[in-house]
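The values are calculated or read from the model by the stated rules, or taken from the named source; none is laboratory data. What you are looking at is a predicted structure, and each value in this text was computed from that prediction instead of being measured. For neighbour counting, all protein chains shown are included, and Cβ atoms are generated from backbone atoms with ideal geometry for every residue, glycine included. Ligands, DNA and RNA are excluded from the accessible area calculation, which covers all protein heavy atoms including side chains. Shrake-Rupley method; radii C 1.70, N 1.55, O 1.52, S 1.80 Å.
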Amino acid sequence: MIGKFELFLTTTSESFVMSITHDTTFSSLRDLINANLAELVYLPNDLVMMVDEEGLLKANCVINNRASSIADRLIVGKAIVIHKDDLESLEYK
């Protein structure tokens, strides 16, 4: 798992490439996007976007234009794009 990368998309159109380390877990990615429940949006080329499933229910939700464009649907809040195989290899803690 070490050496793999994820793309973190903020609501201000910033993006960061982050390295997945041995202690990266599904829960740590979910926490990074401030989500209690994560929704997985499947994208082309075996990519998956992790988003906040309850994002639209939150007060003052902010549309993530970049993530919405990539997913071809409305996404609010932060999002993470990761390869499907890397996501499946994460521990769920």
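Residues in the stretch 6-32 that are surrounded by 13 or more Cβ atoms within 10 Å (Cβ to Cβ) and either within 12 Å of ILE82 (Cα to Cα) or at pLDDT 95 or above (or both): GLU6, LEU7, PHE8, LEU9, MET18, ILE20, PHE26, LEU29.
Within the stretch 63-78, the set of residues being in contact with a helix residue (DSSP H, G or I) (Cβ under 9 Å, 6 or more places away or on another chain) and either within 13 Å of VAL48 (Cα to Cα) or among the hydrophobic types (A, V, I, L, M, F, W, C) (or both) comprises LEU74, ILE75, VAL76.
In the set ALA59, ALA35, which member is open to solvent by 60 Å² or more (accessible area, probe 1.4 Å) and not in a helix (DSSP H, G or I)? Exactly one of ALA59, ALA35 is open to solvent by 60 Å² or more (accessible area, probe 1.4 Å) and not in a helix (DSSP H, G or I), namely ALA59. Residues in the stretch 53-85 that are touching a Cys at 6+ places or on another chain (Cβ under 8 Å) and basic (Lys, Arg): there are none. Might you let me know whether the stretch 3-25 holds any residue that is without any contact (Cβ under 8 Å) to a residue 60 or more places away in the chain, under 12 Å from the mean Cα position of the chain (by Cα) and in a helix (DSSP H, G or I)? Checked the stretch 3-25: no residue is without any contact (Cβ under 8 Å) to a residue 60 or more places away in the chain, under 12 Å from the mean Cα position of the chain (by Cα) and in a helix (DSSP H, G or I).
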